[in-house]
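Undergrad: The structure under discussion is supplied below as structure tokens; questions concerning it will follow.
The values are calculated or read from the model by the stated rules, or taken from the named source; none is laboratory data. Remember, it's a predicted structure, so these values are computed and weren't measured experimentally. When we count neighbours, we look across all protein chains shown, and the Cβ atoms used for this are built from the backbone with ideal geometry, even at glycine. Remember, those area values only see protein heavy atoms, side chains included, never the ligands or the DNA or RNA. Shrake-Rupley method; radii C 1.70, N 1.55, O 1.52, S 1.80 Å.
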Amino acid sequence: MVSYLRPGQTTTDGITVDKSMFEAYTQLRQIAHDHQVEDKLKIPQLVIVGETSSGKSMLVQNFLRFPCSFSQANIATRCPVAYCLRYNPQLRNGEIRFLQPAGLSPKALGAHLQELMGQIQVSHRATGGFRLEPYIVEIEGNEYTDFEILDVPGLIGGSDNPEHRAAVEKITEHYVRNPNFMIVQLKEASQLKANNYGARRIQELCTLDPAPCGSPLPPRFDYRQHMVTIQTKFETFMQQNQNGTAVNQEIETLREEFGETYFVNMIFDGYTFADHSYEENVNYISELPELEKHQVNEWIITKLNRLANEDESRYHPFNQKYRSLIGINVVRKQIQDLWVRAFRSALPKLNESLHEQLDIAKSKYEAAFNKLQQQDPILVRSNYQKYITEFRSTIRSYVAYRSEIDSFFPLDLAGKTYRDIAERYDKWPRKQPITWRAHLTLDQLQASKGTQLSSLDLKLVGARHFERLRQVFSYMILAFKPREPTRDWIESVESSLHGGNTDYDNLEKAVRDILRTLVRETFLIGICWLTQMFSLLTELFAKDVKRYLLQDKFPYLRDHVKFLSAVDLEYHNTVRNLIRQAVVSIKHARNADSAYIVHDLAARMKNLAFSIPTEVTHKSFGQKIPNLMVKENGEYVEATMADVVKLVPPQKIMTLIMGSGSFLSAENRDQNTAEHHANGRKVIFEMYTAVCGQLLHSITTSFNANVVMKIQEYDTVEIERALNDRINRMSDSQIGQMANIQIGEIQQTLSSAEREINDLWKANDLIEIAIKEMEDGRVLADDERRQLMEKMEKARNANKLYAKVKHDEIKRKLDRERSKQKRVKRQSSSMYHRQTSASRTTDEEITDENELEYDEELFDDERELLALTDKTTADAFLLALYQKHDKEDLTYGFLQGDSLEADKKNPKSHDHLYVDENTLDYDNIKRTLTLKSTPARRIPPTRIPIENGHDGLTDGLSIDEELEFNEAIDPKLLTRRRQEQGDSVQVGGSRFYDSTDEPAHDQMANQQAQPSQETRKPSRFTLFRKKVQY
């Protein structure tokens, strides 16, 4: 038997499992389990694997020294079983005590395991009747060596039940692929590797990639360096090999195939446990090492060597170097030595990992202790003020991306592209369901090659996001083509006797109203989208700053849910007011720019542009004009716009003041029909373009002046009833309620961290002792070990005592403050002597429970928020409140007639048109009418890539419109259709079809109902086709 070293002894017979080493091992295992750090502490363990009937149970019984097999009961092992053996010199010889399961007797272990496996077979049917988690058996005796082995279910080769086999192999793979496990592989000695399914399968489970049974661990190609193979049933091998030459060759072959290999006998003389009593089996196991030794020696001497010593014998004697590889005691020792070698080699790394975990545990303890200290209301108030001040100044620096902050928010980590922002918006919980007809997706934006959108892929931080957003918004507006006013629309809007002064066509009114509608259709929901994007960006800024402050500067405030939520709410309300100021400014600008319009708006803008001094180097003035040359320094060079402007006579003041006349003059009408619609359309689009430019400028200046500039000065922005001022006026008790001081919970965290530190220090001491014993070759005396433990315990008790004193001090302070507040409330309520004592008591109790609920300085939303104590509920409350505010803010800039559903295909505002005029049934509306609509189309600067055969541009078109659109994209389609209809078609030039392609009666109708050929507009998709290059 292998025994551990007693104090004062030295190693004399090779590697031995000593007590300190095993105590360190068990302590580390317990720490890894209790504190969930199994992945951090790489603790070497042993696992026994092999096929069924390979002798695993007998090997376990040789370690336990009593029978516990239940295989004869036809019940398979359904989970790994960890046998933890402990040396206890206080027990009598032969006495065995079960620590786990407590109170069990050795004789009952087999029946206990049999019952357990039957239960697992039923309870784990979903996993094939097997369980991965091991069952632990912990026993102690005075003949045990401190040791632990893990026995897994046996592999099954060629099983008729593939589900059974797969479950066993999954368990085996879980352990043998893990580099923390040293492998003890069992196989019958009479089998070569090629004939042994278990050995081949273990190799596959260790090395195949991917893992055959789904293990996430990488291949373990060096598994043989961490494995010993035990060749069992050596008695059968002895019977089959009767000469030394064959035996030597077979043993050498097995060693070459399996590396480190040892041999053991299981049973002699046909002995079966089932035919004998428990006591007889215990005695047989105890005598088996000597019996084996005698049988092996007799086989070597009387058979192998005698045959080799005969005259003219052609056999060699048994190679005596192999004798040390055979025997039960040899196998037990080599298995233990395998673990000892692994554990000793792992000690330096374990020691390093242990100190890392100690640092982590100390950090937990210090954080909890600091948190306990932070519960002092005076200190809490001070920290709240510091956080608010730091939050506001950091927001300012972050948005401006000052040098004081850029090291904490490097561009490569904190910067975000437009794609990042767009994806965040799509997943944003506050995103409102709006539909904007001019909106472009990121893919559509990137399909353009304009330099205006060159910043889409840039990683930006802070206020530069707003400038990129301006570029994107402007691009969407300018790339959008509004719907063309039809004659029926113009005729309807012109009205009759409008203002009571004429019954003639009132084109001025038509221009004003149609233009106002087009501007609303282009901008209305776009401003809503822009408002949402500003809200998103400002929220992202605050979240980045909050994470930075709570991580680096105020980690002790992370659990102050009420306070942090109040800061978030104040920031939201402040930024929201800034955005609303911008929105209402845009509202007035949109109303003014589309309500009052003069015909020469564009002319006035052009005149003003020519009045700009050319010394101001605008980019547009640098534009070169082909085929126009000017002379500079005696040489002719290509002229620029600036050269032309210089030659334009200065504008007279009266020219800039006076208008350029009416647009309803006779020369603007069709001479044949006196119809003026073509001229009206041109005027509308000219003025629409001018108004778009004005509005874009107004939107930019409104958001910049009210939001972008002010948020970069957030620390100086005036906030009504600012949170920091109100915190100054709060009582200590109210501060305690806002901080949600939970001293008991902090004490529990302190105790948990302290317990982890104690465990880690104890394990550290045991490792140090094991290393010292390994180096010195002796075991420290118990007194030396005890002194170290006492020293550690004193240090830990000092920390614990200080924490308790601080806890009691803070508790007394809060109790005194509550008593003081209670006296004040009683004195102030004494004047209301008519109030019954019962009602006064109730009021006092309510006030004592939560004074914040009755604080008159709190806003209503704050009062509800501060009644919540957990982060999840507070976040949900804030989200619901923000969503409510967002919905209100979207309509804050609306004019009369505006609607959030303006750009939807079937808005609710049209429902009244589907009400049956006879029944007037408003509850059952059926959309049976077909309302004619002329949807607006965009003018893409380049063709948008098609995905899955659909480019998204034909959504909402009728079949005829979609055909016309596709023909505008690809003239070949138009040619093919005209050829099929037997018509001729002209593809070149600037037109797709004209009246000459139509039948005669259609030409006559067109001459009567449509403008002349000179003023007739081509297909509304013609311009799109002009932009497409083939």
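Undergrad: Please verify whether A739 is modelled with pLDDT under 85 and not hydroxyl-bearing (S, T, Y), treating the condition exactly as stated.
TA: yes
Undergrad: For T236, state whether it is within 55 Å of the chain's Cα centre (by Cα), of a type outside the set (K, R), in a helix (DSSP H, G or I) and under 26 Å from A308 (Cβ atoms).
TA: no
Undergrad: So L358 ticks every box in (1) in contact with a helix residue (DSSP H, G or I) (Cβ under 6 Å, 6 or more places away or on another chain); (2) over 30 Å from E775 (Cβ atoms) but one. Which box is left unticked?
TA: Single failed check for L358: (2).
Residue-wise test of (1) at pLDDT 90 or above; (2) assigned to a helix (DSSP H, G or I); (3) on the phi > 0 side of the Ramachandran plot.
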site	(1), (2), (3)
G897	no, no, yes
K905	no, no, no
L913	no, yes, no
L920	no, no, yes
R927	no, no, no
L931	no, no, no
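This table checks each residue for (1) within 19 Å of L890 (Cα to Cα); (2) part of a helix (DSSP H, G or I); (3) of a type in the set (A, V, I, L, M); (4) in contact with a helix residue (DSSP H, G or I) (Cβ under 7 Å, 6 or more places away or on another chain).
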site: I477; (1), (2), (3), (4): yes, yes, yes, yes
site: I514; (1), (2), (3), (4): no, yes, yes, yes
site: T522; (1), (2), (3), (4): yes, yes, no, yes
site: G526; (1), (2), (3), (4): yes, yes, no, yes
site: S535; (1), (2), (3), (4): yes, yes, no, yes
site: A542; (1), (2), (3), (4): no, yes, yes, yes
site: R547; (1), (2), (3), (4): no, yes, no, no
site: Y556; (1), (2), (3), (4): no, yes, no, yes
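Undergrad: Which of the residues belonging to the stretch 311-339 are of a type in the set (A, V, I, L, M, F, W, C), surrounded by 21 or more Cβ atoms within 10 Å (Cβ to Cβ) and within 23 Å of P44 (Cβ to Cβ)?
TA: V331, I335, W339
Undergrad: So if I check each of L338, L354, L347, L358, which one is more than 18 Å from A32 (Cα to Cα) and in a helix (DSSP H, G or I)?
TA: L338
Undergrad: In this structure, is I285 assigned to a helix (DSSP H, G or I), more than 17 Å from G55 (Cα to Cα) and either open to solvent by less than 40 Å² (accessible area, probe 1.4 Å) or in contact with a strand residue (DSSP E or B) (Cβ under 8 Å, 6 or more places away or on another chain) (or both)?
TA: No.
Undergrad: Is there any pair linking a residue in the stretch 104-131 that is among the aliphatic types (A, V, I, L, M) to one that is in a helix (DSSP H, G or I) and modelled with pLDDT of 90 or more, with Cβ under 9 Å and at least six apart or on different chains, and which?
TA: L104/H112
Undergrad: Which numbered condition trips up A211, out of (1) open to solvent by 10 Å² or more (accessible area, probe 1.4 Å); (2) of a type in the set (G, A, S); (3) in a helix (DSSP H, G or I)?
TA: (3)
Undergrad: Being β-branched (V, I, T) and touching a strand residue (DSSP E or B) at 6+ places or on another chain (Cβ under 6 Å) is the filter; apply it to the stretch 105-151 and report the residue that is farthest from V49 (Cα to Cα).
TA: Looking at the filtered set, the residue picked out is I139.
Undergrad: Return the residues of the stretch 17-56 that are at pLDDT 85 or above, of a type in the set (S, T, N, Q) and surrounded by fewer than 24 Cβ atoms within 10 Å (Cβ to Cβ); say none if nothing qualifies.
TA: Hits for the stretch 17-56 are Q45, T52.
Undergrad: If I filter the stretch 298-309 for residues that are under 30 Å from G110 (Cα atoms) and at pLDDT 90 or above, do I get at least one hit?
TA: No, that holds for no residue.
This table checks each residue for (1) open to solvent by 30 Å² or more (accessible area, probe 1.4 Å); (2) within 26 Å of the chain's Cα centre (by Cα); (3) under 22 Å from I31 (Cα atoms); (4) modelled with pLDDT under 85.
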site: L347; (1), (2), (3), (4): no, no, yes, yes
site: P377; (1), (2), (3), (4): no, no, no, yes
site: V399; (1), (2), (3), (4): no, yes, no, no
site: D406; (1), (2), (3), (4): yes, yes, no, no
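Undergrad: Considering only residues that are β-branched (V, I, T) and in a loop (DSSP other than H, G, I, E, B), which ones fall in the stretch 396-445?
TA: The answer is I405, T417, I434, T435, T441.
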